[in-house]
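Note sheet for the following structure.
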Amino acid sequence: MLFFKLGFLFLNRWYLFGSSALLGLGAAVIWTAQGKYLALNSQPETAGKHSGLFWALSQACQVCGGLFLLIVFLLHAHQNPEEHYQFGSSFAPSTVKLLYLVFTGVTILGALILGLLPLNEVNNLGNRRQREVVFPSPSELLDPINQLSSQVVVNNYSVENEHLFTSFLFMLKATFNLSKTFKMALLSLPFMYTGLIVSFWSSVYPTSIANTELFQVNQGIDPKVLLALNVIIQGIGQSSAGLLFGIFGSKTAKFFTRLNIVLIGSFLQLLAFFAIFSSIPGNASLGKTLEEGVLIAPKIWLALLSGFLIGFGDSCWNTQIFAFLISNYSQQESASAFSLFKFYQSLLTFFAFFYASLLSLYWHLLFLFIGSTFCFVKFCFC
């Protein structure tokens, strides 16, 4: 991730392509490791609380990042009105460098914090005992009685690397076997839906509202400011759902089961899809347009409300998937379960980004509408 951010300071096409691939690899490893860490430090009764708290904190970055973007854009427009007018809805080079310098610093800080996270004491003690290697002293080596046991200890140390490789192969086999189970086959569909919605709220929808010029023509809002506001509102939606079902999970659990929470998230997202369909032109995801929506003209409040509902619903899905995996898979299986979750999610995100430049906004909404409804039904049988 750090190398990817640095690439925007000295733009090079091939470097960005290569660092993007590394970014995807690193993200998969980080998300799997975070899921495993949650599983090691959670019990079935605390899985929902920990998942919600984790998601609320991780998505709060959107609020902080959106506020930072908003301040930078407003200050830049005030101090450099000519440059701001010249670049229109694009970003000036000086703004890009400032943004990614800050992003790079935050990435380094996050990596340091991640590396300093404490291990689970019980599991860590057991692992240390299993891996502990005690070398014999010179006097013990001269004792014929101890020579045989000493040889075994040294041999155990010499095959440690081979054991790590064998463990890696065993983990791959275990992950493959887990993917063939009936429960995981059902879960793969909700996993894929989360990949579709990630591509939508992170790329397709922001692009669509930025390309809808009636926001600026009729309501006088700068596209960059609207983008920053959308990021803030989406982050509030993500974090509020995480807090509601995380920190206050002990109270809300009396009224909301796991399926109830997913149902609420799906329903709110369906409302958002209909609002976007009604007010945002279909061609907005492909380029600038002065068209209106199917039913009404674009409204700022409705666009931001849709962003909030999408974020809230996405948080409902992800927190309950995390809690489900922690509760239903042992600590030994959790890494495989979370890696499959990230695999299916990333696979559909890849396909969604691939066809994003080819299909209009309404096709994306249709796929999401069908996916949300169908995947909720599948999740009920897991």
Exercise for the section: Using the Karplus curve 6.51 cos²θ - 1.76 cosθ + 1.60 with θ = phi - 60°, work out ³J(HN,Hα) for each residue of the stretch 284-294 in order, rounded to whole Hz, and write x for Gly and Pro. Expected result: 5, 6, 9, x, 4, 8, 9, 6, 9, x, 5
Practice task
Can you tell me the order of 200-212, 176-188, 314-326 when each peptide is scored by its average per-residue count of other Cβ atoms within 10 angstrom, highest first?
Solution key: 314-326, 200-212, 176-188
Practice task
Can you quote the Å³ per residue value for the convex hull of the Cα atoms in the stretch 269-313, rounded to an integer?
Solution key: 68
Handout entry: Karplus (6.51, -1.76, 1.60) ³J(HN,Hα), θ = phi - 60°, over the stretch 28-35, in Hz, Gly and Pro reported as x
Key = 4, 5, 5, 5, 5, 5, 5, x
Exercise for the section: Average the reciprocal distances over every distinct pair of alpha-carbons in the stretch 182-288, invert the result, and give the Kirkwood radius in Å. Expected result: 16.0
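Kirkwood hydrodynamic radius, computed over distinct alpha-carbon pairs, for the stretch 298-355: how many Å, to one decimal? Show your work: numbers first, answer last.
On the way: mean 1/r = 0.0736 Å⁻¹.
That comes to 13.6 Å for the stretch 298-355.
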Problem - Segment PHE351-LYS173, length gained on full extension (0.36 nm per residue, minus Cα span) - result: 61.5 nm
Fill in the blank from the handout: Along the stretch 297-311, Karplus-curve 3J(HN,Hα) (6.51, -1.76, 1.60; θ = phi - 60°) to the nearest Hz, with x for Gly and Pro, reads 6, x, 10, 4, 4, 6, 5, 6, 4, 4, x, 5, 5, 5, x
Exercise for the section: With label points built 7 Å along Cα→Cβ from the Cα atoms of LYS180 and PHE374, find their separation and express it in nm. Expected result: 2.5
Practice task
Tell me which residues come under 5 Å, amide H to amide H, from LYS299 once H is placed; ignore anything under 5 positions away on its chain.
Solution key: none
Handout entry: Alpha-carbon gyration tensor eigenvalues x 5, square-rooted, for the stretch 249-349, Å
Key = 34, 19, 8
Fill in the blank from the handout: Extend 7 Å from the Cα of ILE247 along its Cα-to-C-beta direction; within the stretch 35-79, residues with backbone N under 20 Å of that point are 46-67
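Fewest to most neighbouring Cβ within 10 Å: what's the order for ILE370, ILE310? Please report the intermediate quantities before stating the final value.
Values: ILE370 12, ILE310 28.
Placing the least packed residue first, the sequence is ILE370, ILE310.
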Problem - Candidate lysines - alpha carbon under 23 Å from LYS378, same-chain residues fewer than 8 apart omitted - result: LYS180, LYS183, LYS342
Exercise for the section: At 7 Å along the Cα-to-beta-carbon direction for both ILE296 and ALA28, put a label point, then send me their distance in nm to one decimal. Expected result: 4.3
Problem - Taking the stretch 261-359 and dividing mean pair separation by its residue count, relative contact order in percent (alpha carbons under 8 Å, at least six apart) - result: 33
Practice task
Starting from the Cα of PHE381, step 7 Å along the direction of its Cβ; do the same at LEU263; then give the gap between the two resulting points in nm.
Solution key: 1.8
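Laboratory data are not the source of any read-out in this text; all were calculated from the coordinates shown. Quick caveat: nothing in here was measured; it's all calculated off a predicted structure. Ideal geometry is used to build each Cβ from the backbone, glycine not excepted, and the neighbour counts take in all protein chains shown.
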